[in-house]
Amino acid sequence: MPKDNISLIEKILYSVEKPGRYVGGEHNQILKDWNSVDVRWCLIFPDIYDIGQANLGLAMLYQILNSDKTILAERSFAPWVDMEAELRRHQIPLFSLESKKSLQEFDILGFTLPYESIYTNVLNILDLAGIPLRSVDRGQGDPLILGGGQACFNPEPMADFFDAFAIGEGEEVSLEISQAYQNWKTSGKSRSDLLLQLAQVPGVYVPSLYDVSYHPDGSIANITPKQTTIPEKITKRIVASLPPHPSKFLVPNVEIIHDRMSIEIMRGCTRGCRFCHAGMVNRPVRQRSVEEIIPAIDEALTSTGFEEVGLLSLSSSDHTQILDLTKKVQEKYHDRKLAFSLPSLRIESFSIQLMDELKELKPGGGFTLAPEAATERMRAVINKPLDDDDFYQTVTQIFENGWRSLKLYYMIGLPTETMEDVDAILQAGIKVQQIGRRLIGKSVKIHLGIASLIPKPHTPFQWLPVQRPEAIQEKLDYLKAGTRKAGIKMSYNIPDSTLLESWLSRGDRRLADVIQTAWQNGAKFDAWGERDNLQIWRNAFATNNLDPDFYSYRGRDLDEVLPWDHINIGVTKRFLKRDYEWSLAGRTREDCRNTCFACGILDAFGDQRPAETICYWGCP
């Protein structure tokens, strides 16, 4: 970027909210000599800095790529609307935080896509960078546009905008992509040759090399590779054991959504909750040992000065050394006035010992449990079995151990749900409040968090329709009236946001035109509740002669080709079908650490299993 542009950037920062979002220069930032490397990445989180800088996946890739002397990795985020206006007014292309170089100057733009409601932000970023939106329109000198993250397990709605997707875990495949890019760059071959080379990298999906055909009713007939050398299915990448944890976290310039140091203690989950996308696509389970975690905390504390540490996983209390870990952490850091959080704790795996240890780790005043459903029947449907007596006993122990605030997460819109099941959520909240008041008085605070089911790809519920907004709103209104009367706080997702997420998460390749039309008509930051973009999206569907109800309210046939069927997560479709049928029968599965139900993950990745950690892979 020319020096006069850098000077102009410095000037416009005085006109925007939170200029610290755009200046870079954070403690532990890595700034390499541009001319000393072979491949230049810009890692992009398509939301504002306050949200993206807290993303652990971004931190991991930043460290891994920069640890290679032949690669540099910088960062960029979606500018807020005030900064976007200034960039467009002064015709300044969007830039990286480290070197302030325009995104167009990088070799690879790696977009993290953790959720679907940031898709229009991706288009906005490409436009601000002066890069063609569609892969087919990019030339030899344009950066490679690469996607990765949880939303990429159904990449089809964004397929036309990305050159390639890295499916699954990025720690190893990002380096392989870098090597393939470098080989291509030195070969002098065409951009189409680069895409062919990338398609040979395991776990890399190049959408332009696949054809999609449709039946007259709009459902998919086939998804087929255009060449015999291209795999029919793209199997997700996994790392056999978790790599060294990032130690030099960037210390943000402004307050971010999780202003803490995050340590991943375990990846994956063996519980098999049928609504849980992360629990299915992140199999198998791998965990870090206490001997790995404590040094990682030490190194990160030394390099950052953070005062809060989050010990993260999908189900922290399922870590086989969780009591040892909390004891070691309490013993080692008791006098340092550090706050530790341990989210994602299972109710049934609780113990008084664990709660006592957590209490010593300075919890932030509240405790969180996620029953998800309030009747034993509904918990059987979602495969989250929990005896009511055990639940209320755990609640009693929480209050007896000194917590005064308890948040309970529940879902509505589940299959076979009735208003009696919804009322049970309210009654559970009231009973928990009564227990708290009996033990600690009226100062107790109860908070119900209500989410609506979106039947996500690669889950046993993927064939279900989304419940219509009027049905969801009726249930929310009932709960709001009841919680208001009882003095219980309640938060929830509005039905409209649920509807948009269902379109984008369950859609096919034809949604590219809808996404682009919505963006052109002003849709962006769709994840932000205060931005009412749903009518823009409905208009975009109409403009492109597509029916949004086809993607939300239509139940899928069990034998239908789904838009994501060519993405292999290891768990077989046959297993998901059987689990869906079990759900309707109210039949549960045990934790697969106790007994193997042959979901397919062991067959898919058996050759990558290290023998010394075989028990972490969900096998008996």
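Points worth noting:
- Computed E for ASN539/ASP33 - FRET, C-beta separation, R0 41 angstrom, nearest 0.05: 0.25
- Residues ARG556 and THR588, FRET efficiency given R0 of 25 Å [Cβ-Cβ distance, rounded to 0.05]: 0.60
- Extended-chain gain in nm, criterion 0.36 nm per residue less alpha-carbon gap, GLU581 and SER219: 128.1 nm
- Net charge dipole size for the chain [Lys, Arg +1 and Asp, Glu -1 on Cβ; Debye, nearest 20]: 660 debye
- Between the beta carbons of GLN520 and ASP387, assuming R0 = 51 Å, the FRET efficiency works out to 0.45 to the nearest 0.05.
- Once the Cα gyration tensor of the stretch 3-235 is diagonalised, semi-axes √(5λ) in Å: 30, 20, 16
- Extreme residue, positive dipole direction of the stretch 3-235, given options TYR119, PRO157, LEU175 (C-beta unit charges): LEU175
- Reachable lysines from LYS407, criterion Cα separation under 21 angstrom, eight or more residues apart if same chain: LYS359, LYS362, LYS384, LYS431, LYS442, LYS445, LYS475, LYS480, LYS485, LYS489
- Rounded Å value of the spacing that divides the Cα centres of the stretch 502-552 and the stretch 110-130: 14 Å
- Point-to-point label distance, ASP565-SER241, nm (Cα→Cβ direction, 7 Å offset): 3.9 nm
- Where a label projected 7 Å from the Cα of SER67 along Cα→Cβ would reach, residues of the stretch 248-263 with amide N under 16 Å: 248-250, 263
- For the stretch 128-145, the residues whose backbone nitrogen is under 18 Å from a point 7 Å from the Cα of VAL81, taken along Cα to Cβ, are 128.
- The relative contact order of the stretch 209-280, computed from alpha carbon pairs under 8 Å that lie at least 6 residues apart in sequence, is 15 percent.
- Ordering ALA278, PHE95, ILE145 by Cα displacement along the dipole of the chain toward the positive end leaves ALA278 in first place; charges were set at the Cβ atoms of Lys, Arg (+1) and Asp, Glu (-1).
- Projected onto planes of every orientation and averaged, the convex hull of the alpha-carbon atoms in the chain covers 27.5 nm².
- The charge dipole of the stretch 1-108, taken about the Cα centre with unit charges on the Cβ atoms of Lys, Arg (+1) and Asp, Glu (-1), comes to about 140 debye, rounded to the nearest 20.
- Along the axis of the charge dipole computed for the chain (Cβ charges of +1 for Lys and Arg, -1 for Asp and Glu, origin at the Cα centre), the listed residues TYR214, LEU314, TYR492 are led at the positive end by TYR492.
- Protection-proxy order for peptides 13-24, 449-460, each taking the mean of Cβ atoms within 10 Å per residue, highest first: 449-460, 13-24
- Computed [θ] at 222 nm, deg cm²/dmol, the chain (DSSP H ≥ 4; -39,500 (n - 2.57); rounded to nearest 500): -11000 deg cm²/dmol
- Residues in the stretch 80-120 reached by a label modelled at LYS407 [backbone nitrogen below 19 Å; 7 Å Cα→Cβ]: 115
- Point-charge dipole on Cβ atoms (K/R +1, D/E -1) for the stretch 1-64, about Cα centre, debye to 20: 80 debye
- Across all Cα atoms of the stretch 213-322, the radius of gyration (one decimal) and Dmax (whole number) stand at 19.9, 62 Å.
- Relative to the current alpha-carbon distance between GLU420 and LYS485, full extension at 0.36 nm per residue lengthens the span by 21.6 nm.
- Packing-based ranking, highest mean first, of 514-523, 72-81 given that Cβ atoms within 10 Å are counted: 72-81, 514-523
- The gain in end-to-end length when the ASP547 to ARG191 segment is fully stretched comes to 124.6 nm, 0.36 nm per residue minus the alpha carbon separation.
- Packing order of peptides 166-176, 183-193, 33-43, highest average first: 166-176, 33-43, 183-193 (average count of other Cβ atoms within 10 Å over each peptide's residues).
Any read-out appearing in this document is the output of simple, stated calculations on the displayed coordinates, not a laboratory observation. Since the model is a prediction, treat every value here as computed from it, not as a measurement. Cβ coordinates were reconstructed from backbone atoms using ideal geometry, including for glycine residues, and neighbour counts include every protein chain displayed.
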